[in-house]
Amino acid sequence: MILSHSASPAITCKLAMFIKVTFLSIMLIVPSYAQTANSVELLKVVWVYKFLNYITWPDEENTNNITISYWGGDSVFYDNLLGLNGKRVRDNQISIVRQGSISPQKDVQVIVVGKNNNGDLAKLQSLVKGENILVISDDVTDKQHIMINFVYPDPNSISFELNRYNIIYEKLALSSDILVIGGTEIDIAQVLNEMNSKLDKSRLQLDKRERTLTALASEISEKEHKMASLQQQIVEQTQDIDSRQQQYLMLKNDMEQLLLTVKNSQAQLVRNQQQLVKNQAELKKNNEELKQNNLALVEKQNKLIEKERDIEQLSQAIAANKLTLVGQSAQIAQQKVSLSSQEASLLNQEKELLNKTSTIQRQNMVMVFSLIFILLALGIVFVLYKSSKNKKKSYEALSDKNNQLAQTNGQLLETQFQLVESEKMAALGNLVAGVAHEINTPLGTSVTAVSTAQHLLDIFMAKVQANKVSRTDMNTFLEKLNQATGLINNNLIRANDLIRQFKLVAVDQSSEEQREFLLGEYLNEVLSSLYPEYKKYNCEIDIICDEELTMNSYPGGIAQIMTNLVINSILHGFKLDKDGAIQLNVSSDDKTVIITYQDNGIGIEKGKYTQIFTPFYTTKRNNGGSGLGMHICYNIARKLGGDIKCVPCDSGAKFVITLLKNL
């Protein structure tokens, strides 16, 4: 279900032309070295010469010499390096010197470091920092301090790598051509993007110029029509001039009358100005009255402040009276207790005096009930007052706490949103690095094939010039050239497919655009772009999906869910000693689409099935896990009108994703 497209002709042509120019320049400029090209040390010298052609120094226009200093113990390499003495690069003569210590000599543009001094490379970098010096190292493992470093993929071959940022920091201009051969995957991707941007800009400029020419042609035609109409208007205007001269005489008479009217208006204006002066005097008087009113207002405000102070003093007096009332309430309570005891004694006396008089008994009962009622009323009033005051304080404290909690909750939500966006961008960055690494393989193979084809072409041209071409030579040359061009075409098609898949997935993940798409084809493209992440686990992915199944939704959200699930399987589920396997089973009905995702990893602990969607929950926090991957999947699934669940299974992890078919 993966679609294939041929590589861009412009990119293929530029890449082939660059390889041809590079190979021919090496063969023409250093012919003495070509005879012994199987020597690794001699090849390093050739590459050093080529580096000088790819890099420009900031003050190069003011000098006519490039000095190369060798700091190492390889005498064979140094003897070969001396062969560059007297060679010229951009009208600058090359000079070779030998450096005896770590301190560089004066007026040195390039330092070549031998393998025996690799341990002091960081110290050397600190000494030449900011001096516009290019440092070329040999088989260094500390990639942080390198500029250009020779590497050996196998004993019979040599290559190089470069740190673009260290070179740019020294203000050295780096040609984009060298990035195609020795740059990192990100550098190669940037070069390809720049080439595509330039092509797009050129197309836009051509379209703009065509539209401008069309507009100019239409404007010329319109102006011709306008010229004809203007000529007709000139004839008509000439006829109107005579009639306007007559009108001028009439207007002259009218003008004289207007002058008289203007004189009358000027007299009226003088009278208005006099009235204005009077109004200004009244306005000044009103302003003085306003100032006096403002002073009176200030005095009243001061009096109001004094009254507020009096009110505060009264409030303090009221508070003191409240305290006194509280003390009196306590005394009343004590009196209540004493009255209760007195009541008991009175009851005893009542029993003794019951036989004496009923009138005294009724009076005692009335007095007792009255006192009890008064005490109860005072107690209830006091309790209600205290309760109201405590409730008011509690409500104010609770309101402050609610405001603080609302602010804290808002800050947490904003922080969580920022972390989610950072997690998305980190996943997209990993995707860029992986795809760039994959693109490097077909491009490197294409470069090798182009170099081989150029070599075969040079041999064949030499035989043609010497009139020693046989039919066998012709057939052999055509057969090998056909193989080389086929290899170049296949690898460039592979690189173009990777770039196309990466563009589609990257744009979908970084945008929020709803569109209609084939789900099976899109899942295949997303998982193909993740191949650099899971290939080291020898993982096989099986997609079971109807080829005609169409969705109208947000493909970027589906790509983000699939990316997070695959990365989780790699980080938490798979082990290097066992081949990985992932199966996607897609089913659908009229309204929904169900995607069942299952791997053969170590699985999820029992009781953790619901916790994995909780924000910041992770079992790999010490290894850089943020705990937001599955939470992002949950939010995206809800946004797409569905849900995601983790269900138990016999082996590995299993997720069931339910999405709306058409949003």
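The values are calculated or read from the model by the stated rules, or taken from the named source; none is laboratory data. Quick caveat: nothing in here was measured; it's all calculated off a predicted structure. We place every Cβ from the backbone using ideal geometry, glycine too, and count neighbours over all the protein chains shown. Areas reflect the complete protein model, heavy atoms only, side chains present, ligands, DNA and RNA absent. Shrake-Rupley method; radii C 1.70, N 1.55, O 1.52, S 1.80 Å.
Segment Q232..K639, full-extension length gain: 139.6 nm, with 0.36 nm per residue of separation and the alpha-carbon distance subtracted.
Note on Q292 and L276: their simple-model spin labels are 2.9 nm apart, each label 7 Å out from Cα toward Cβ. Extension gain for E256-Y531 works out to 89.5 nm (0.36 nm per residue, less the C-alpha to C-alpha distance).
Note on Q483 and A173: the model spin-label points, each 7 Å out from Cα along the C-beta direction, lie 4.2 nm apart. Only protein heavy atoms count here; on that basis, with a 1.4 Å probe, E479 has an accessible area of about 110 Å².
Near E236: Cβ cut-off under 14 Å, other residues only, Lys/Arg at +1 and Asp/Glu at -1. The net charge is -1.
Taking 0.36 nm per intervening residue step and subtracting the Cα-Cα distance, what contour gain separates T452 from I102 on full extension? It would help to have the intermediate numbers written out before the result.
Numbers: separation 350, 0.36 × 350 = 126.00 nm, distance 4.05 nm.
Gain on stretching T452 to I102: 121.9 nm.
Sorting 65-73, 524-532, 93-101 by their mean Cβ neighbour count within 10 Å, with the most densely packed peptide first, gives 524-532, 65-73, 93-101. The distance between label points at N116 and D79 comes to 1.6 nm (points 7 Å beyond Cα on the Cα→Cβ vector).
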